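Structure first, then comments.
The values are calculated or read from the model by the stated rules, or taken from the named source; none is laboratory data. Values in this document were obtained by computation on a predicted structure and should not be read as measured data. Neighbour counts run over all protein chains shown; Cβ positions are idealised from the backbone, glycine included.
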Amino acid sequence: MPKRFLLVVFLLAGCASGDGAGSGPEDIVASGNFQCPDGPMIHVDYLKSGDARVEVGDRDPVLLPRAISGSGARYADGRNEIWEAKGEMRVTLADGTKLEGCPRQGG
């Protein structure tokens, strides 16, 4: 009986991910930085789960699920959205912030 209890505890601990902002480096498959003209830096971690963790400037990270797009990579939760296409990022946040033409930095 105790072994089953421990198994359930470990399984539940694995499912309790919260907003995903605390995912460890082992969950990251790729990352990118994008600099908006006259605006903040955007950092994106693409996770094994298929989600993206996004940090815009000094704001708290947001976890976004993959969304359908005609081209590029789009992640959205109905309030926040990022869309990367042709090396540029577009961001729309729940508070009305809109950033466009943010090119990828580095390689």
- prompt: Can we say SER49 is of a type outside the set (Phe, Trp, Tyr), touching a Phe, Trp or Tyr at 6+ places or on another chain (Cβ under 7 Å) and outside any strand (DSSP E or B)?
  reply: no
message: Against the definition (in contact with a Ser or Thr (Cβ under 7 Å, 6 or more places away or on another chain) and modelled with pLDDT of 95 or more), how does VAL62 come out, yes or no?
response: no
statement: Sole miss for LEU93 among (1) farther than 16 Å from GLY32 by Cβ; (2) within 9 Å of the chain's Cα centre (by Cα); (3) of a type in the set (A, V, I, L, M) is condition (2)
- request: Kindly provide the set of residues from the range 37-75 that are farther than 16 Å from ALA85 by Cα and of a type in the set (Ser, Thr, Tyr), ordered by number.
  value: SER49
- prompt: Do you know which of the residues in the range 13-37 that are over 23 Å from MET89 (Cβ atoms) and outside any loop (DSSP other than H, G, I, E, B) is modelled with the highest pLDDT?
  reply: GLU26
- prompt: without any contact (Cβ under 8 Å) to a residue 60 or more places away in the chain, within 14 Å of VAL44 (Cβ to Cβ) and surrounded by fewer than 13 Cβ atoms within 10 Å (Cβ to Cβ), is that true of GLY57?
  reply: yes
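Every residue, every condition in (1) touching a helix residue (DSSP H, G or I) at 6+ places or on another chain (Cβ under 7 Å); (2) of a type in the set (Phe, Trp, Tyr); (3) surrounded by fewer than 18 Cβ atoms within 10 Å (Cβ to Cβ), yes or no:
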residue: ALA52; (1), (2), (3): no, no, no
residue: LEU63; (1), (2), (3): no, no, no
residue: GLY70; (1), (2), (3): no, no, yes
residue: ARG74; (1), (2), (3): no, no, no
residue: TRP83; (1), (2), (3): no, yes, no
residue: ARG90; (1), (2), (3): no, no, no
query: Is at least one residue of the range 74-83 more than 15 Å from PRO40 (Cα to Cα) and free of Cβ contacts under 8 Å to residues at least 12 places away in the same chain?
result: yes
The range 67-93, residues that are assigned to a loop (DSSP other than H, G, I, E, B) and touching a Leu at 6+ places or on another chain (Cβ under 9 Å): ASP77, ARG79, ASN80, LEU93
